[in-house]
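All remarks here apply to the structure that follows.
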Amino acid sequence: MLLHIPQVLAQAEVAEIRQALDTQGWVDGLRSTGPQAANVKRNLQLDTSSPVFAPLSQRIAQALQRHPLFVSAVLPATMLPPMFNRYEGGGHYGNHIDNTIQTDRFTGQKVRTDVSTTVFLNDPDEYEGGELIAEDSFGTHEIKLDAGDAIVYPSTSLHRVEPVTRGVRVASFLWTQSLVRDAWRRSMLFELDMTILKLRNQFGDTAEVVALTGHYHKLLQQWAET
Ligand SMILES: O=C(O)CCC(=O)C(=O)O
Ligand SMILES: [Fe+2]
């Protein structure tokens, strides 16, 4: 399941983050990449030792963890620190699959990457190209969202970023280990949760809504790994 999560960041927050990012510490994205992806990757990334990295990264992580749609769809267990990338002058990232096991560079913890996220930090009219193209079981999807919006997709999906031929595309990207490793189970839990929410809004906490909520938690109890 690919899910568009609107307004993770308000416009004012995007502007502040962009301003902090515009000035500091971009390095070649190849530094943090394995040999296969390195063949197809041409972009810049914010150096994780830059003084602006930690506060900006924490801001993105907190905004996502506060967003009810992100929490319901991703069921986060452990999140790797959000990173920042920048594509311009034909910069792109060809087809690849993200590494399944990644090490948190600050804690040394090994994290299984179940869900990939991109938070867009430019509006679509600020640049040409730069679409995130991701495949899932239903086909190929082209994603280019408003600044402050995010897309989440299974980390097992083949994906790429098209060349940016005008302007600059800046984004934050990150990986999360989910409580529920299986993408199909996560998507079923998400649909059930959203339906229960609508029923609660329509009918209140009727006995049936409480029973369905119990069913949701029983499934989570069966499927969650902590
Ligand atoms: O820039 C993006 O939207 C995705 C970046 C990406 O796929 C990666 O860094 O692995
Ligand atoms: Fe990727």
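I'd like the Karplus ³J(HN,Hα) series for segment 78-84: coefficients 6.51, -1.76, 1.60, θ = phi - 60°, whole numbers in Hz, and an x wherever there's a Gly or Pro. Working through the residues one at a time gives 9, 10, 6, x, x, 10, 10 Hz.
From the square roots a ≥ b ≥ c of the eigenvalues of the alpha-carbon gyration tensor of segment 3-178, which class results: rounded (a/c under 1.5), prolate (a/b over b/c), or oblate? Here segment 3-178 falls in the rounded category.
For the chain, the residue among Gln109, Gln11, Met1 whose Cα projects farthest onto the positive side of the dipole built from Cβ charges is Gln109. Computed 3J(HN,Hα) for segment 143-148, one whole-Hz value per residue from the Karplus formula 6.51 cos²θ - 1.76 cosθ + 1.60 where θ = phi - 60°, is 10, 8, 10, 5, 4, x, glycine and proline marked x.
The charge dipole of segment 50-162, taken about its Cα centre with unit charges on the Cβ atoms of Lys, Arg (+1), Asp and Glu (-1) only, comes to about 740 debye. Could you state the number of Å between the C-alpha centres of segment 73-105 and segment 130-176? That distance is 10 Å. Summing +1 for each Lys or Arg and -1 for each Asp or Glu among the other residues whose beta-carbon sits under 14 angstrom from that of Gln7 gives -3. Bridgeable aspartates and glutamates around Lys144 (alpha carbons under 20 Å apart, same-chain partners fewer than 8 residues away excluded): Glu13, Glu88, Asp98, Asp123, Asp125, Glu126, Glu128, Glu131, Glu135, Asp136, Glu162. Principal-axis analysis of the Cα atoms of the chain puts helix 11-23 at an angle of about 30° to the longest axis.
For segment 122-129, the Karplus equation 6.51 cos²θ - 1.76 cosθ + 1.60, evaluated at θ = phi - 60°, returns couplings of 10, 6, x, 7, 7, 8, 9, x Hz by residue, with Gly and Pro reported as x. Positive end of the dipole of the chain (Cβ unit charges, origin at the Cα centre): among Thr165, Thr206, Leu80, the Cα lying farthest that way belongs to Leu80.
Quick one: dipole size for the chain, taken about the Cα centre, charges +1 on Lys/Arg Cβ and -1 on Asp/Glu Cβ, in debye to the nearest 20.
Details: 20 positive and 26 negative charges, 126 e Å.
About 600 debye.
With runs of 4+ DSSP H residues as the only contributors, calculate the mean residue ellipticity of the chain at 222 nm using -39,500 (n - 2.57) per run, divided by the residue total and rounded to the nearest 500. Taken over the chain, the calculation gives -10500 deg cm²/dmol. Only lysines eight or more places from Lys218 in sequence, or on another chain, were considered; those with a Cα closer than 21 Å are Lys198.
Oblate is the label for segment 118-179, because a/c, from the alpha-carbon gyration tensor with a ≥ b ≥ c as root eigenvalues, is 1.5 or above and a/b does not exceed b/c. Taking the empirical scaling 2.2 N^0.38 Å for compact globular proteins as reference, segment 169-226 has a Cα radius of gyration ratio of 1.43.
No lab work stands behind these numbers, since they all come straight from the coordinates. Worth saying up front: this structure is predicted, and the values here are computed from it rather than measured. Note: ideal-geometry Cβ built from the backbone for every residue, glycine included; neighbour counts use all protein chains shown.
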